[in-house]
Amino acid sequence: MDFMIESMAQYRSEYEKSVKDPEGFWAGIAEKYQWQQKWDKVLEWDFEKPDVKWFINGKLNITENCLDRHLKQRGNKLALIWEPNDPKERFVRYTYRELHEQVCKYANVLKRNGAQKGDRIAIYMPMVPELTVAVLACARIGAIHSVVFAGFSAGALADRINDASAKLVLTSDGLYRGTKEIPVKRVVDEALKECTSVERVIVTERTQWAVNMEEGRDVWLHDELTEVSADCPAEPMDAEDMLFILYTSGSTGKPKGVVHTCGGYMVYAGYSFKNVFQYRESDVYWCTADVGWITGHTYIIYGPLLNGATTMMFEGVPTYPSPGRFWQVCDKHGVTQFYTAPTAIRALMAAGDDHVLSYSLDSLKVLGSVGEPINEEAWSWYHINVGKEKSPIVDTWWQTETGGIMISGIGSASPMKPAHAGYPLPGIQPVLLDADGNEITEHDVEGYLCIKYPWPSILRTTYGDHERCRVVYFSHYKGYYFTGDGAKRDKDGMYRIIGRVDDVINVSGHRFGTAEIEDAINTNKKVAESAVVGYPHEIKGQAIYAYIILKDEPDNEDNLRSEIINSVVEHIGKIAKPEIIQFVPGLPKTRSGKIMRRILRKIAEGDTSNLGDTSTLLDPEVVEVITERAKQLKG
Ligand code: PRX
């Protein structure tokens with residue numbers, strides 16, 4: 001698809017076109033894809049309801065665009081390279097023809113097991129090729145996939161299955177991740193005790209561990225595959241039919257199911273991938289994210305395959321068996337575009353330069369960063385040691401809700417500035433608002449980051465609760481999509497993301513709502529009340545600090561801490577573990593009972609010089625008590 005921007009001048013003219021005539025601009029991009037039936041109208045929108053529709057009455061199937069369309073020209077080209085956790089195990093490669101066949105077969109397995117268009121299918125799997133195949137197989141038959149990261153607990157998985165009333169669960173026997181071995185199927189069995197909607201579980205064999213297979217419910221994928229043909233026509237989908245649900249955390253209550261639809265998501269995933277990474281035909285592209293997050297959806301699977309690219313999937317972690325693993329894989333497969341998270345870069349930076357300097361990394365052309373602001377030190381390390389000062393770094397700002405990259409460099413076509421995401425992609429109209437909701441039009445300013453015009457892959461709703469979508473994203477500032485982030489715009493008009501301005505904590509690039517963690521902590525019967533905040537952490541970006549009021553004096557504080565951590569692990573997963581737990585006699589509250597998180601955040605940061613006026617608090621003394629103890633804990 002030839003919509004690649006190759007210079008700043010071209011970017012400027014495309015951007016201008018996209019703002020002057022958004023519908024004409026996006027229609028021109030959409031025409032490069034394969035539609036079973038063309039749309040009648042490009043866009044209808046109303047941010048107040050919200051109601052956004054792109055490519056109205058267009059019919060398509062995204063897998064025809066990811067697979068079938070390439071068979072003639074790229075049938076023998078590599079579509080997918082899979083690199084296992086253990087470097088001694090053989091890697092796996094699928095050509096476009098092979099991947100197409102696998103997807104069609106898996107799609108027939110889904111049908112054979114009762115799946116139909118519109119059904120929700122939960123996918124809880126390790127990073128194995130069958131995960132990508134499973135996702136595409138759902139899309140092939142028009143079932144809505146809901147991938148749940150296989151590090152979430154049984155409780156978290158059950159919540160997500162129930163919220164979507166998933167009919168099938170696709171999983172594996174177990175998984176390897178670094179030195180860890182996780183009994184995935186056992187987690188699913190545990191979760192399903194709480195779920196009534198699931199009729200079938202399809203199990204991929206990865207570890208060959210003995211697992212419980214429930215008669216009438218659980219089947220092995222390899223058995224099922226022997227029963228099906230490789231012929232599976234792609235289901236015609238309306239552009240606005242749901243493609244997938246992906247759960248993400250917000251500042252209130254339980255995670256919400258962000259919904260993306262077929263047409264707009266496809267158009268934007270392909271367009272943004274090609275431009276940001278400047279993908280060319282013989283490149284080998286590697287995104288190290290997990291398919292369980294939006295980055296994996298859009299930039300391991302859909303974006304690359306829509307462009308006929310060779311995409312790599314990695315089962316392991318950056319530090320196993322050594323902190324040189326990423327770089328060894330880059331050299332081994334001749335990776336040209338490498339896309340990872342700042343937390344991984346910081347962890348590898350801390351392990352020492354020797355691990356990276358022993359690899360040539362000659363093939364690399366573009367480096368990417370995603371998930372959180374990248375600090376200047378990590379940026380420079382990445383630029384010098386990995387990019388050898390010749391590869392541009394694209395710092396890509398976006399969200400689960402945006403479906404694709406929104407503000408970012410465009411390969412080497414745009415200027416880069418450390419810690420700055422840069423300019424909006426064509427079609428994206430960001431604005432900074434002040435606290436009263438007025439647009440700040442000057443440069444060299446700071447404000448709440450909002451988007452004022454729809455783009456094709458904007459979320460359409462939150463599954464089963466449209467009002468929540470309206471309240472969270474479209475009610476803060478009338479007529480705008482509110483991102484939840486604060487940002488600066490510098491004198492050159494480049495954006496620098498500051499971070500969340502709501503009660504969302506970004507730990508190693510993963511989002512958690514404070515309320516969600518507090519709910520998990522409060523399940524412990526000894527806890528009376530808790531308040532959780534984020535604080536800066538050298539590797540994780542942010543870590544979780546929990547202030548907890550107990551009902552009674554504990555016998556043993558350390559044991560109780562472990563118990564509370566277990567509650568969090570059980571309800572959410574290990575990734576949401578608090579780093580520091582402080583037992584407190586009370587919390588700083590206003591007279592109306594609202595917890596002053598700002599004060600707790602400052603204490604957690606170790607910055608108590610300017611706590612503001614605490615005299616109006618319900619119990620001003622408590623601040624001093626908390627501060628003293630916090631110093632000891634952090635020390
Ligand atoms: O705060 C921003 C941060 O991650 C949030 C979105 O998280 P999630 O939906 O999990 O998606 C992560 C991967 C797209 C944003 O609201 N964020 C993401 N990318 C960046 C970022 N912050 C700064 N710079 C980035 N490049």
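The values are calculated or read from the model by the stated rules, or taken from the named source; none is laboratory data. Treat the numbers as computed from the prediction; the structure is a model and nothing was measured. Cβ placement follows ideal geometry from the backbone for every residue including glycine, while neighbour counts extend to all protein chains displayed. These accessible areas exclude ligands, DNA and RNA; they are computed on the full protein's heavy atoms, side chains included. Shrake-Rupley method; radii C 1.70, N 1.55, O 1.52, S 1.80 Å.
The table below gives the values:
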quantity: Of the trypsin sites (Lys or Arg not before Pro) in region 365-472, those whose Cβ has at most 16 other Cβ within 10 Å and which sit in DSSP loop; calculated: LYS388, LYS390, LYS452
quantity: Per residue convex hull volume, Cα atoms of region 520-634, in Å³; calculated: 109 Å³
quantity: Whether region 231-312 is rounded, prolate or oblate, judged on the alpha carbon gyration tensor where a/c under 1.5 counts as rounded; calculated: oblate
quantity: Peptides 108-121, 2-15, 52-65 ordered by average Cβ neighbours within 10 Å, highest first; calculated: 52-65, 108-121, 2-15
quantity: Stokes-Einstein D (µm²/s) once Rh is taken as the Kirkwood radius of region 315-370 over alpha-carbon pairs, at 4 °C in 1.567 mPa s; calculated: 113 µm²/s
quantity: As computed over region 583-635, the Cα convex hull volume per residue (Å³); calculated: 70 Å³
quantity: Cα-centred dipole magnitude for region 1-133, charges only on beta-carbon of K, R (+1) and D, E (-1), debye, nearest 20; calculated: 600 debye
quantity: D_trans [Stokes-Einstein, Kirkwood Rh over alpha-carbon pairs] for region 480-535, 20 °C, 1.002 mPa s, µm² s⁻¹; calculated: 159 µm²/s
quantity: Dipole magnitude of region 520-634, debye to nearest 20 (Cβ charges: Lys/Arg +1, Asp/Glu -1, about Cα centre); calculated: 460 debye
quantity: Candidates per trypsin sites (Lys or Arg not before Pro) in region 541-630, loop by DSSP, up to 16 other Cβ within 10 Å; calculated: LYS551, ARG591, LYS594
quantity: Global form of region 415-456, assessed from the alpha-carbon gyration tensor, a/c cut-off 1.5; calculated: oblate
quantity: Per-selection Rg to Rh, region 442-519 - Cα, Kirkwood hydrodynamic radius; calculated: 1.00
quantity: Cα centroid separation - region 61-79 against region 228-256, whole Å; calculated: 21 Å
quantity: Calculated Rg and Dmax of region 236-393 using C-alpha coordinates, Å; calculated: 16.7, 52
quantity: Whole-number Å³ per residue for the convex hull built on Cα positions in region 35-189; calculated: 153 Å³
quantity: For the chain, calculated [θ]222 nm from helices alone, where every DSSP H run of n ≥ 4 adds -39500 (n - 2.57); calculated: -8500 deg cm²/dmol
quantity: Dimensionless Rg ratio for region 436-569, taking C-alpha atoms and the 2.2 N^0.38 Å reference; calculated: 1.35
quantity: Amide hydrogen neighbours beyond the local backbone of ARG120, cut-off 5 Å, H modeled; calculated: ILE144, LYS167
quantity: Loop-resident sites, region 128-229, for GluC sites (Glu not before Pro), counting at most 12 other Cβ within 10 Å (DSSP); calculated: GLU214, GLU215, GLU227
quantity: Cα gyration tensor shape of region 37-129, rounded if a/c is under 1.5, else prolate or oblate by comparing a/b with b/c; calculated: prolate
quantity: Å² of accessible area per residue within the chain, as computed with a 1.4 Å probe and no ligands counted; calculated: 38 Å²
quantity: Per-selection Rg to Rh, region 361-513 - Cα, Kirkwood hydrodynamic radius; calculated: 0.98
quantity: Evaluated over region 184-241, the Cα radius of gyration and Dmax, each in Å; calculated: 15.0, 43
quantity: Phi to ³J(HN,Hα) by Karplus 6.51 cos²θ - 1.76 cosθ + 1.60 over region 487-501, Hz, x for Gly, Pro; calculated: 8, 10, 10, 8, 5, 8, x, 7, 8, 10, 7, 8, x, 5, 10
quantity: Inter-centroid distance (Cα atoms) of region 420-464 relative to region 298-353, Å; calculated: 30 Å
quantity: Euclidean distance between Cα centres, region 559-605 to region 269-289, Å; calculated: 40 Å
quantity: The chain - Cys residues lacking any other Cys C-beta under 4.7 Å; calculated: CYS66, CYS138, CYS195, CYS262, CYS287, CYS330, CYS450, CYS469
quantity: Percent of Cα pairs exceeding the 36 Å cut-off, where the set is the chain; calculated: 37 percent
quantity: Counting DSSP beta bridges with both ends in the chain, the antiparallel % (nearest 5); calculated: 60 percent
quantity: Apportionment of accessible area to carbon and sulfur, the chain, percent (1.4 Å); calculated: 46 percent
quantity: Other-chain or far-sequence residues with amide H under 5 Å of GLU529's (modelled H); calculated: ILE549
